[in-house]
Amino acid sequence: MPKTSKNTSRPTPEKLSIVIPAYEEERFIGALLEKVAAVDLKPLGLEKEIVVVDDGSRDRTAEIATRFAATCPEVKFHRKPKNEGKGSAVQAGIRIATGDYIMIQDA
């Protein structure tokens with residue numbers, strides 16, 4: 001059942017958080033973010049947030065994702081200082097996510 005806004009009786013759309021753990025993905029992260037950002041979930045009654053967690057990449061993954069996040073308000077970017085593995089990056093993304101539903105998308 002949709003939540004209702006505190007100030008009105010209109011339903012507040014539910015939100016899907018798409019968590020993207022990324023490590024050394026400079027070749028793919030830009031194209032992936034473009035594709036995920038282009039998906040319109042409004043016809044399904046959903047808002048969307050994209051949470052990119054860079055797991056300590058040494059390439060340009062963080063730079064590319066940061067630049068994309070600066071132009072796309074639904075993208076949140078988090079950079080881990082060192083590589084701790086995909087599971088750790090996924091867990092960090094889940095902690096950051098604010099959606100009602102969470103989906104994991106490999107970079």
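Phi-derived couplings, Karplus 6.51 cos²θ - 1.76 cosθ + 1.60 at θ = phi - 60°, listed residue by residue for segment 75-91: 9, 10, 10, 10, 10, 7, x, 9, 6, 10, x, 4, x, 5, 5, 4, 4 Hz, with x used for Gly and Pro. In the context of the full set of protein chains, segment 17-82 has a per residue accessible area of 55 Å² (1.4 Å probe). The H on the amide N of residue 47, modeled in the peptide plane, is under 5 Å from the matching H of 14, 15, 16, each at least 5 residues off or on a different chain. With a 1.4 Å probe and every protein chain kept in, tell me what percent of the accessible surface of the chain is carbon plus sulfur. Of the solvent-accessible surface of the chain, carbon and sulfur hold 54 percent.
Sequentially through segment 48-55, phi angles give Karplus couplings (6.51, -1.76, 1.60; θ = phi - 60°) of 9, 10, 10, 10, 9, 10, 7, 8 Hz, Gly and Pro residues having no value and appearing as x. Less than 5 angstrom separates the built amide H of residue 107 from none of the residues sequence-distant by 5 or more or on a different chain. Per residue of the chain, the DSSP helices (runs of n ≥ 4 H) give a summed -39500 (n - 2.57) that works out to -9000 deg cm²/dmol at 222 nm.
Can you give me the angle between helix 29-38 and the longest principal axis of the chain, using Cα atoms only, in degrees from 0 to 90, rounded to the nearest 10? With both axes taken from Cα atoms, the answer is about 10 degrees. For the chain, the longest principal axis of the Cα atoms and the long axis of helix 61-71 meet at an angle of about 30 degrees. Rounded to the nearest whole Hz, the Karplus-based 3J(HN,Hα) values (6.51 cos²θ - 1.76 cosθ + 1.60, θ = phi - 60°) of segment 97-107 follow the sequence 4, 10, x, 6, 10, 10, 10, 9, 10, 5, 6, with x at glycine and proline.
The values are calculated or read from the model by the stated rules, or taken from the named source; none is laboratory data. Note that this is a predicted model, so its numbers are computed, not measured. For the accessible areas, the whole protein counts, side chains as well, though only heavy atoms, and no ligand, DNA or RNA atoms are used. Shrake-Rupley method; radii C 1.70, N 1.55, O 1.52, S 1.80 Å.
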